[in-house]
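Notes to accompany the following structure.
The values are calculated or read from the model by the stated rules, or taken from the named source; none is laboratory data. Predicted, not measured: the structure shown is a model, and the values here were computed from it. Backbone-built Cβ (ideal geometry, glycine too); neighbour counts: all protein chains shown. Accessible surface is based on the protein model in full, side chains and every heavy atom, while ligands, DNA and RNA are left aside. Shrake-Rupley method; radii C 1.70, N 1.55, O 1.52, S 1.80 Å.
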Amino acid sequence: ILCDPYELADIKIAAQYINTAICNNVKIAVFGDYDCDGVVATALLYDYLKGRNVDVIAYIPDRVDEGYGMNCAAIDKLASQGVGLIITVDNGISCEQEIAYANSLGIHTVVTDHHLPPEILPDAVAVVDPHKIDCPSTFKEICGAEVAFKLVCALDDKEPEQMLGRYADILAVATIGDVMPLVNENRSIVKAGIAKIKHSPNVGIASILNMAGIDRTDIDAAKISFGIVPRINAAGRMGSAYRAFELLICNNAIEALKIANPIDDDNVRRQQIEKDILKSAVKIIEENQYQYNRVIVVSGEGWHFGVLGIVASRICEKYGKPTLVLSSEDGISHGSGRSFAGFHLYDAINACSDILVKYGGHDLAA
C-alpha cells in the first residue's frame, strides 16, 4: 500500500505549475544529486517528462568542483540554455540564495526534497518535502526519488499503484541506497522492485547485475545494497554521475553494457581509495586519541571527496562515535558525517552554521 501523493504539502501546486509550463513549451531542467538516490530521482523524473515530449535536460553537479545542491554557476549555465523552470530532486530545501538568484534571472523553481529544512525556506513556486513543518503526510521516512515519484503521480493524476510498475526497480534501489527504513510504503516499493528486477528490469539495472555477476532471479535487498547501489554511487564518487544517469535512462542493452563497464572499474578504484583513506584516518585518530572524544572529527589533506561518507560510516561503526571526516584544500574543508540514533547530526552541524559555507543532511548523515 502506498500513501496518497496529495498528502505532501505543495505537491498539487507543483503539479499544476509544471503541467502549465509543459503546455506553454517551457524548457525544464531537472536538477539532481550525484548519489544513488539523487541519480535515480533525476532519471525517473527526466524519463517521465521525456515520455511527455517535454523539452527537458538533466543537470547533476560535480561532487568535487561544485559540491552538493544548486549553485549560481550552474544556474547561469541553465539560463544560457534557455531553461525557464528548474525542478530539484533530492536537494533544494537549503538553497535559499541560489533559488533567489534563479528568480532574479526569471527562472522559476519547484523544489522536491526529503532533507531536513532550514528555518528559512527558499522562495520557490512550490516546496515539496515531507519534513516541512506544514506537511501533513503520515509517513516521512521516504527517499528523494520517492518524492519525485509522488510528483510524477500528481503530474499524471494517477494512483501510485498505477505508476509503480514503470519505476519500481529503480525506486527500490534508491530506497535501499539511501538507507530508508524498510517499513510502511518503503517495504511495498522494495517488494515490487525486487519482483520487477526478477522479471523485467530497467536495462541499466540489468547491465549492472550482469557486470556484478548477480543472478537477477535470486535478487534480494542485500544484493541490491551491496551489488547495485555501490556501482551507481561509484560513478558520482570517482568520475561523473551523468554516466550512472545515462545508464538508468538507456534502452539499449549493448549501449548499457558499454556504460556499465567503466562504472564497474570506478567501483574497484573507489574501494582501494576508501581503504587507503580509512587507514590514514584511523592512524590520525589513534595517534591523537580522538576515539575518546564524544564526536570524532578527523581531517586530511587532499583526501578524495567522493569516499568521505563511506569512511565516516566505517569509523562510526569502529568506534561507536558520531564521526565527521574532512578533506582540506586551499583553506576550505569539505566533509561528510555519519551518526546513529540518539545523536542528531544535522542539529549538531546546524549549531555551528556560522563557520560553514554550505551544509545539509539528516539526523544520521550530513
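Select from segment 203-222 the residues that are part of a loop (DSSP other than H, G, I, E, B) and open to solvent by 30 Å² or more (accessible area, probe 1.4 Å) and list them in ascending order.
Gly213, Ile214, Asp215, Asp220, listed by residue number.
Quick one: count up the residues across segment 2-40 that are touching a helix residue (DSSP H, G or I) at 6+ places or on another chain (Cβ under 7 Å), under 22 Å from Asp123 (Cβ atoms), open to solvent by less than 20 Å² (accessible area, probe 1.4 Å) and in a helix (DSSP H, G or I).
Residues flagged as touching a helix residue (DSSP H, G or I) at 6+ places or on another chain (Cβ under 7 Å), under 22 Å from Asp123 (Cβ atoms), open to solvent by less than 20 Å² (accessible area, probe 1.4 Å) and in a helix (DSSP H, G or I) within segment 2-40 amount to 4.
Looking at segment 177-191, is at least one residue touching a residue at least 24 places away in the same chain (Cβ under 8 Å), of a type in the set (Val, Ile, Thr) and in a helix (DSSP H, G or I)?
Scanning segment 177-191 turns up at least one residue that is touching a residue at least 24 places away in the same chain (Cβ under 8 Å), of a type in the set (Val, Ile, Thr) and in a helix (DSSP H, G or I).
Are there any pairs with C-beta distances below 8 angstrom linking a residue in segment 297-309 that is buried (at least 24 other Cβ atoms within 10 Å of the Cβ) to a residue that is among the acidic types (Asp, Glu) and in a helix (DSSP H, G or I), with the two at least 6 apart or on different chains, and if so which?
If the second residue must be among the acidic types (Asp, Glu) and in a helix (DSSP H, G or I), the pairs left are Val307/Glu274.
Looking only at segment 106-113, decide whether some residue is under 25 Å from Ile22 (Cα atoms) and open to solvent by 10 Å² or more (accessible area, probe 1.4 Å).
The answer is yes; a qualifying residue exists.
List pairs: first residue in segment 320-348 and more than 18 Å from Glu274 (Cβ to Cβ) and in contact (Cβ under 8 Å) with a residue 24 or more places away in the chain, second residue open to solvent by less than 20 Å² (accessible area, probe 1.4 Å) and in a strand (DSSP E or B) anywhere in the structure, Cβ distance under 6 angstrom, at least six positions apart or on different chains.
That search, which allows pairs on different chains as well, returns Lys321/Ile296.
Of all residues in segment 171-189, which are at negative phi and open to solvent by 10 Å² or more (accessible area, probe 1.4 Å)?
Selection gives Ile176, Gly177, Asp178, Met180, Pro181, Leu182, Val183, Arg187, Ser188.
Give the residue, chosen from Gly82, Gly51, that is on the phi > 0 side of the Ramachandran plot and open to solvent by 10 Å² or more (accessible area, probe 1.4 Å).
Gly82
Would you check if Ala281 is of a type in the set (Gly, Ala, Ser), buried (at least 19 other Cβ atoms within 10 Å of the Cβ), at pLDDT 95 or above and over 24 Å from Ala244 (Cα atoms)?
Taking the combined requirement at face value, the residue satisfies it.
Could you please find all residues in segment 326-366 being over 25 Å from Glu141 (Cβ atoms) and open to solvent by less than 80 Å² (accessible area, probe 1.4 Å)?
Leu326, Ser327, Ser328, Ile332, Ser333, His334, Cys352, Leu356
How many of the residues in segment 224-257 are without any contact (Cβ under 8 Å) to a residue 12 or more places away in the chain and either crowded, with 19+ Cβ neighbours inside 10 Å or not charged (D, E, K, R) (or both)?
Counting residues in segment 224-257 that are without any contact (Cβ under 8 Å) to a residue 12 or more places away in the chain and either crowded, with 19+ Cβ neighbours inside 10 Å or not charged (D, E, K, R) (or both) gives 2.
Hey, among Ala260, Ala312, which residue is surrounded by 14 or more Cβ atoms within 10 Å (Cβ to Cβ), under 23 Å from Tyr46 (Cβ atoms) and in contact (Cβ under 8 Å) with a residue 24 or more places away in the chain?
The match here is Ala260.
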